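Input: a single structure, listed below in structure tokens.
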Amino acid sequence: MPIELSRDAFAELAETAAIPGYDPASLTPGIVHFGVGNFHRAHQAVYLDELFNLGLDHDWALIGAGVRASDDMMRQKLEAQDWLTTVVEQEADVSTARVTAPMIGHLPIGNSAAIIAKLADPAIRIVSLTITEGGYYIDPATQKFDPTHPDIAADAKDLLTQPKTVFGLILAGIKRRRDVGIEPFTVMSCDNIPGNGHVTENAVVGLAQLIYPELAKFVRENVAFPNGMVDRITPATGDRERSLLSENFGIEDRWPVFCESFKQWVLEDDFPAGRPALEKVGVQFVPDVAPFEHMKIRILNGGHATIAYPAALMDIHFVHEAMENKLVRGFLEKIEREEIIPIVPPVPNTDLDEYYQLIERRFSNPKIGDTVTRLCLDGSNRQPKFILPSATDRLAQGKPVAGLALVSAFWARYCFGTTDSGKPIAPNDPSWTRLTETAKRAKDDPAAWLAMSDIFGGLAREPAYVEAFSHALNTIWAIGAKSTLEAYLAGRL
């Protein structure tokens, strides 16, 4: 029988998994984290677990927080297993499991008073976030904070008495601390968006500006929002992962995390209220994270978007299976080497070709079980961050964009809602209804897709891009994804 995950079972768990070398009961909180999902538990929480295992900084434990119904589901499952998580690191030839324990509690979902009270606690010196790319209320075309979003407008109208958004709660916490003379916490985004610190600051200040302009000024002048680059491939958890954990390690975990062994975290060292000594466990602190972030978003995330949609249209399920397909792998390499990497600026102490080869190996890992469906998720937020900026930069340099336009054309075809074999595609975007309706019009009129100005912005007015995109989408509809890839790789597109 598998061993149920709990602190009382550490001795038994140690037979198949690494267990904490510290007593979780001895930890005290220093961080409130919004969005205790898979990536957070495979990344930030793992770094803290490693640090605590060194016997250091035990006053920097995590308290979870959230605002969505799914956050409450996670809270309930983790509470039932003493806030522990089993992290399974997988490579082609080996899998290892470790039980992590840096999280010691979770604030009640929907109880804004309790959350604000904890944020005002002087012991909390960092508030961190993994709320996904779509959680920052960013206008896709301008990439700026949207103060007109109904959620933000509701928090502003409420005057922060019972905020419902993460940013409303953070702002209320900052205000409470300011009012009683407690220095602000640092706000640290761990989401995969360009300039995540700046984006977070703009959201907090933007909301404050709607209610208390003097508070907005205080935030700008006194609250730190360090930028960071985060990286670790972490698929969604399902019955497959729970079964593998039970069968291979004899552990019953309600929500384990499976991930690759590789992880990376590059941070700007801007923490006025203090921080844990994460440099001792491999976090790289730099004056400017932008070059690292730019490289990762364009090459890795852009690479994910490149393979996702043609693979989905050909009914490929897993990412490693997509990489086993010569057409998809060839498409990725051609796009990266010819259109993406040549416009990525130099990165300190980094060889971009070696970085791309690492990305290829990581995408090809058969143990991860990452799905093409996950890569296709939320294209309306991800395309403007991972693909369209590369196209814009190339056009500014007078360079062709046939490949990048084809990537977005595959996305448009995917949003039609069926694969090339006729299988239905389940809704996979917050704007799915709008996207499918637009994709149906774009089948005969590609310009209809580019007319989504909140996504494509000025690209829709660039003749070279319009021509490349229109030709690509017409070709996909005429001959299908597989033949389109063959034509592109043969130089006929």
Other-chain or far-sequence residues with amide H under 5 Å of Ile251's (modelled H): Ile3, Ser246
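At 0.36 nm per residue, minus the direct Cα-Cα distance, what do Asp269 and Glu324 gain on full extension? Give it in nm, one decimal, please.
15.8 nm
Let me make sure I get this right: for the stretch 357-454, a, b and c are the square roots of the gyration tensor eigenvalues over alpha carbons, sorted descending. Under 1.5 in a/c it's rounded, otherwise prolate if a/b > b/c, else oblate. Which is it?
Details: a/c = 1.93, a/b = 1.06, b/c = 1.81.
Note, shape of the stretch 357-454 comes out oblate.
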Could you list which residues have their amide H under 5 Å from that of Thr186, counting only those 5 or more apart in sequence or on another chain, with H placed in the peptide plane? Ile126, Val127, Ala273
Using alpha carbon centers only, the stretch 197-255 is separated from the stretch 62-123 by a whole-angstrom value of 12
Model label zone, Asp93; criterion: amide N under 17 Å from point 7 Å along Cα-to-beta-carbon; scope the stretch 360-401: 361-362, 364-368
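If contacts are Cα pairs under 8 angstrom and at least 6 residues apart, what is the relative contact order of the stretch 290-489 in percent? Mind showing how you got there, number by number?
Details: 251 pairs, mean separation 54.3, N = 200.
This gives 27 percent for the stretch 290-489.
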Among the listed pairs Lys423/Lys482; Lys385/Lys443; Lys118/Lys175; Lys118/Lys263; Lys144/Lys443; Lys326/Lys367, those beyond 21 Å (Cα-Cα): Lys385/Lys443; Lys118/Lys263; Lys144/Lys443
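Counting pairs of alpha carbon atoms under 8 Å apart in space and at least six apart in sequence, what relative contact order in percent does the chain give? Walk me through the numbers on the way to the answer.
Details: 879 pairs, mean separation 70.3, N = 493.
The normalised contact order for the chain reaches 14 percent.
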Placed amide H near Phe258: partners under 5 Å, 5+ positions off or other chain: Val88
What's the local net charge at Tyr414, with K and R +1, D and E -1, over the other residues with C-beta under 11 Å away? -1
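Quick one: which of 189-201, 66-78 comes out on top by average Cβ neighbours within 10 Å, and what's the full order, highest first?
Going by the mean number of other Cβ atoms within 10 Å, highest first, we get 189-201, 66-78.
None of the figures in this text is laboratory data; all of them are computed from the coordinates on show. Fair warning: this is a prediction, and the values are worked out from it, not measured in the lab. Don't worry about glycine lacking a Cβ; one is built from the backbone with ideal geometry, like all the others, and counts go over all protein chains shown.
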